[in-house]
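Undergrad: Handing you this structure, nothing more for now.
The values are calculated or read from the model by the stated rules, or taken from the named source; none is laboratory data. From a predicted model like this one, the values you see are computed outputs, not experimental measurements. Ideal geometry is used to build each Cβ from the backbone, glycine not excepted, and the neighbour counts take in all protein chains shown.
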Amino acid sequence: MTPHVSIWDRANLPLTIGSIMAVTVAAFQGLAVATITPVVTSDLGGESLYGWVFNAFLIPQIVGTVLGGREVDRRPPWMVFYPALALFAIGLIVCSVADSMGILLVGRMLVGFGCGALFSTVYAIIGASYDDSLRPAMLAAISTAWVVPSLVGPFIAGSIADTFHWRWVFVMLLPLVLLSGALTWRTYSTVVLPRDPANEALSRTRLPLAIILAIGTTLFLAGPDLTELARLVGASVNNVPVLVSGAFVVAGLVLIAPTLQRLMPAGTFTLRPMLPAAIAVRSLAFGGFTITETYVVYALKTFGELTSSQAGMILTIGSLTWTLGSVLQARWDRQDGADGRPQRLLLGVLFMIAGCGAIVADVLVTQDIFWPLAMVAWALTGLGIGICFTTATAMAFQYAPTGQDGLVSSSFLLLDLFANAIGVGIGGFILTGMIDNGRGQPAAAGTSMSLSLIFIALALLAVMRLRRSSYSATATKPSPGT
């Protein structure tokens, strides 16, 4: 492929703008829901199911991600993207009219499934349509899709929830979905991705495995919350026996472990350079980021005594520094190319450890949250994830076998979702369990957030393996099957 001078050249401009717009819709949704979830669960009487507002989105996204990645390698991208966008919109409508936690979770499931297929399509298009020298810049441009949502999304969502009602937050997202479909039609309806018939057999097995993984993840996360989930569906249960809950957890692990291993490139869980370790760094860092994001909002709202809009502004700062970090890595990549990517991964992960560590320490030591410290630490965390997340994505596409861009994109998106679902779900179990046992909200929130440090420490281990690798960061793409 002949490299283009810029992603903003006339030949690339429609594709660049269309992809940015597609991500913008998902960005608005994610930031808005993270901001209003404490209000929503309180209004619907679902505080004990706080983590399931996110789990209900993430678990179906596992299946949507793999299905989208498989189909975009087999058929024109628009045939995957637009049905996904429609399902996304239907889910928002269901959430807006929900009068119970059960209905809300159904809407979140539809949004999650659609979002999974949407992201697989966008990333596959980026991986196949841009030269390796341009991908860091394109991935940085994708990060700018979070700029406007991060500037106004949390604040607007919080203000609407405080002034009117949280239901209108979901309604306001629907015009953005329509706008995204209109602006991407011209480009996505004409994009053609490379095909490799040899990948068909591999792709065929991935969807059943993704369904098994989603079932296993559901069992694992549902085990500790069986009593509340049983009440959600109308069962008269006072307390589910511990042995039953434990059986659900064990059954989930039995399904998860072998299935996830088969879905990932060989060597992902041993952090083998290059492609497997790059995928692991991206997903572990993202999991650590979302764990902290989820429970720092809870902390700021409950015992930090901030309003939804004020907590949203702190999230906004982190989103802006994420974009800054992504732009910086693209600039550095133009200077030293692929050789400097492992060093940039290390810098980003160290920033994340410092930022998340400061928030966790503040909450656990003071049994409170000092919002100015949280704001600065979250800004540092955002800068770190912006550097390492985008760099790891560029490395994954750099080593993606030809014709497998959809498969690779669905692999790293799937591991993102799994790390996110497991991390946030376990955090929610810790949060509700500690509060139910009288440990207090600050101790519970701080302990839940401390999970993020485990995820980021594992990402650091993967980065160290990448830096010590004898592989050259400027190696050419491997051929299919290598």
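Undergrad: Just for helices (runs of 4 or more DSSP H) wholly inside segment 1-118: which have at least 3 residues that are surrounded by fewer than 21 Cβ atoms within 10 Å (Cβ to Cβ) and aliphatic (A, V, I, L, M)?
TA: 13-43, 78-97
Undergrad: Then there's this: Identify, from the list SER309, SER326, the residue that is more than 15 Å from the chain's Cα centre (by Cα), surrounded by 24 or more Cβ atoms within 10 Å (Cβ to Cβ) and of a type outside the set (A, V, I, L, M).
TA: Just one listed residue meets the conditions, SER326.
Undergrad: Any residue in segment 81-106 that is hydroxyl-bearing (Ser, Thr, Tyr) sitting within a Cβ distance under 9 Å of a residue that is at pLDDT 95 or above? List the pairs, counting only those 6 or more apart or interchain.
TA: SER96/GLY107
Undergrad: Any residue that is outside any loop (DSSP other than H, G, I, E, B), among the hydroxyl-bearing types (Ser, Thr, Tyr) and at pLDDT 85 or above - is there at least one of those in segment 255-276?
TA: Within segment 255-276, one or more residues are outside any loop (DSSP other than H, G, I, E, B), among the hydroxyl-bearing types (Ser, Thr, Tyr) and at pLDDT 85 or above.
Undergrad: If you don't mind, there's one more thing I want to ask. Which condition number does LYS301 fail, the rest of (1) over 19 Å from ASP132 (Cβ atoms); (2) of a type outside the set (Phe, Trp, Tyr); (3) surrounded by fewer than 24 Cβ atoms within 10 Å (Cβ to Cβ); (4) modelled with pLDDT of 90 or more being met?
TA: So LYS301 meets the others, but not (4).
Undergrad: So, one more: Before we move on, is PHE57 farther than 18 Å from ASP416 by Cβ, within 14 Å of the chain's Cα centre (by Cα) and not basic (Lys, Arg)?
TA: Considered against the rule, which asks whether it is farther than 18 Å from ASP416 by Cβ, within 14 Å of the chain's Cα centre (by Cα) and not basic (Lys, Arg), PHE57 comes out as no.
Undergrad: Further question on the same structure: Return the pair list, or none, for Cβ contacts closer than 6 Å from residues in segment 319-343 that are of a type in the set (Lys, Arg) to residues that are buried (at least 18 other Cβ atoms within 10 Å of the Cβ) and assigned to a helix (DSSP H, G or I), at least 6 apart or on different chains.
TA: Short answer, once both residue conditions are applied: ARG341/THR391; ARG341/MET395.
Undergrad: Which members of segment 234-256 meet the condition of being hydrophobic (A, V, I, L, M, F, W, C) and over 18 Å from THR432 (Cβ atoms)?
TA: ALA235, LEU243, ALA247, VAL250, ALA251, LEU253, VAL254, LEU255, ILE256
Undergrad: Considering only segment 126-222, give the helices (runs of 4 or more DSSP H) lying wholly within it that have at least 1 residues that are touching a helix residue (DSSP H, G or I) at 6+ places or on another chain (Cβ under 9 Å), farther than 30 Å from ARG341 by Cβ and at pLDDT 85 or above.
TA: Because the criterion is at least 1 residues that are touching a helix residue (DSSP H, G or I) at 6+ places or on another chain (Cβ under 9 Å), farther than 30 Å from ARG341 by Cβ and at pLDDT 85 or above, the helices (runs of 4 or more DSSP H) in segment 126-222 that meet it are 147-163, 167-188, 200-222.
Undergrad: Turning to a different aspect of this structure: Does ASP339 satisfy the condition of being among the acidic types (Asp, Glu), closer than 18 Å to VAL281 by Cα and assigned to a helix (DSSP H, G or I)?
TA: It is true that ASP339 is among the acidic types (Asp, Glu), closer than 18 Å to VAL281 by Cα and assigned to a helix (DSSP H, G or I).
Undergrad: Still on this structure, please answer the following. Need pairs with beta-carbon distance below 6 Å; first residue in a helix (DSSP H, G or I) and within segment 406-425, second of a type in the set (Lys, Arg); sequence gap 6+ or separate chains.
TA: PHE412/ARG282
Undergrad: Shifting gears a bit: In this structure, does VAL281 turn out to be surrounded by 22 or more Cβ atoms within 10 Å (Cβ to Cβ), in contact (Cβ under 8 Å) with a residue 12 or more places away in the chain, β-branched (Val, Ile, Thr) and within 27 Å of LEU67 (Cα to Cα)?
TA: So VAL281 fits the description; yes.
Undergrad: Considering only residues that are among the acidic types (Asp, Glu) and either more than 30 Å from ASP368 (Cβ to Cβ) or at pLDDT 90 or above (or both), which ones fall in segment 394-442?
TA: If the condition is that a residue be among the acidic types (Asp, Glu) and either more than 30 Å from ASP368 (Cβ to Cβ) or at pLDDT 90 or above (or both), then ASP405, ASP416 are the ones that fit.
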